[in-house]
1. Quick test of your reading of the structure: Ala315 fulfils all but one of (1) modelled with pLDDT of 55 or more; (2) out of contact with any helix residue (DSSP H, G or I) (no Cβ under 9 Å at 6 or more places or on another chain). Name the failing condition by number.
2. Restricting attention to segment 1-13, and to residues there that are exposed (fewer than 15 other Cβ atoms within 10 Å of the Cβ) and among the hydroxyl-bearing types (Ser, Thr, Tyr), which single residue is modelled with the highest pLDDT?
3. For the list (1) within 30 Å of Lys356 (Cβ to Cβ); (2) modelled with pLDDT under 60; (3) touching a helix residue (DSSP H, G or I) at 6+ places or on another chain (Cβ under 8 Å), I need the number of the one condition that Val113 fails.
4. Mind listing just one residue for me: the one in segment 28-41 that is surrounded by 13 or more Cβ atoms within 10 Å (Cβ to Cβ) and without any contact (Cβ under 8 Å) to a residue 40 or more places away in the chain and, of those, farthest from Gln363 (Cα to Cα)?
5. With the requirement that a residue be under 18 Å from the mean Cα position of the chain (by Cα) and at pLDDT below 90, what does segment 276-311 give you?
6. Among the residues of segment 324-368, count how many are among the small types (Gly, Ala, Ser), crowded, with 21+ Cβ neighbours inside 10 Å and within 17 Å of Asp116 (Cβ to Cβ).
7. Can you pull out the residues in segment 57-94 that are among the hydroxyl-bearing types (Ser, Thr, Tyr) and either at pLDDT below 50 or in a loop (DSSP other than H, G, I, E, B) (or both)?
8. What residue, among those in segment 24-41 that are over 20 Å from the mean Cα position of the chain (by Cα) and not in a helix (DSSP H, G or I), is modelled with the highest pLDDT?
Amino acid sequence: MQIHLYSKSVPVLLAGLILTGCGSALPPPKAEMFNFEQVAKDPGDAIKQNLKVEVFGDGTKGTKKFVVGAFQVRFRQDLTGRYSVGASGNKGGASVEDTFYLTGDHSALFQKVTDDLYKKFVADLKQRGITTVGLASIKQYPEYQKNLKQELRSGFSNKLVATPISCAVCDDSPSGMHANGLNTLGGLSNNNSNYDIFSPSEVPALEYGLLSNNDDSDSVVLPRLFPINRAEAATHANLGVITAGFEVELMKFDRQEGGSSIHMSHAPMVRTKLIAFKAFPPGAKIPFSLWGTPFDNGISMEPKYRGKKRTNLLAAAFNGEVFNKQWIEIDDGSVAVDAAGGVTPLADNFPVAFKKSTEPHLQMIMHVLDHEANYK
């Protein structure tokens, strides 16, 4: 695992300056309120607030047998916040960065919670009469191997470095949303956010050639991408395809009221976000469409934007408007941070907080599958 110790010196040098830069310490942000009981009572109401759901064509066409084409949990390894250290209200104040980073090797812990989440995911599908099979069932078909560079075993995919899904400063950036996901092995990327990426043993991470088959480079990550190779191979076996991905952060930054600076804060907490869930029936494909339809049949889910969404990349580059996606946050002491910015998940408590934070995501996914017609 890559620990990126270069970041450790930054918090040490800046902590005192930033914490006292405006005359007093800035308060740490609080976990956003989330009504867990309400999700259990009415997941549909929670979906309206938290998820964007799109059903294309005939949806899943009642498919009851799927291959899990991808399933991953991304743990953010470092988080960078930018702060203004000028006098209070001085827009011309200097801007500096502070970085928190994960300490130690938590591979075993992260692999366990990933495996547990996957088992619960499969069990929830089974309760709905949906059978899932692993990628081994379609490996014999030539489409599966097309442009495939490497298949990474469970527990070893933590060596992959990915381009940002969440912007280091603004939580979710246009460049991050449209960037490719898994792109290099061994940290060779020039633009990365240092994720450790875990997959269950039944669903290894796949590294596809980016230039020759850009659509399938990491099509679990971005909601509107279609897993071409896996879908074409699964059609031979009359299987639908399901992909799911989650992102995890263990530190929360907060944006100043009315500005683009971010509060300096020691605010460790478990934050999870459903990056995307997609389900396709056998034979689904990318249609010819003037309206940018990503696939002709299937379901796509992603976290919903809150706040003011930027409408174009140019505006996003030159203004400080806040727009980000929904996280589910648990602040119960299961994550700790030291004075130097080292963040540590506590092995005895972290799995419980992770399960509590991810369970609503699963409940909302299953509600859509139970009520697919309501979302067409």
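The values are calculated or read from the model by the stated rules, or taken from the named source; none is laboratory data. In this text, all values refer to a predicted model and were calculated from it rather than measured experimentally. Virtual Cβ from ideal backbone geometry, glycine too; neighbours counted across all protein chains shown.
1. (1)
2. Going through the qualifying residues, I end up with Ser9.
3. (2)
4. By that ranking, first place goes to Asn35.
5. Of everything in segment 276-311, those that are under 18 Å from the mean Cα position of the chain (by Cα) and at pLDDT below 90 turn out to be Lys304, Tyr305, Arg306.
6. Step one: filter segment 324-368 for residues among the small types (Gly, Ala, Ser), giving 333-334, 336, 339-342, 347, 353, 357.
Right, trim to crowded, with 21+ Cβ neighbours inside 10 Å and you get 334, 341, 353, 357.
Checking the rest, the ones that are also within 17 Å of Asp116 (Cβ to Cβ) come to 334, 353, 357.
Going through segment 324-368 one residue at a time, the tally reaches 3.
7. Hits for segment 57-94 are Thr60, Thr63, Tyr83, Ser84, Ser88.
8. The residue in question is Asn35.
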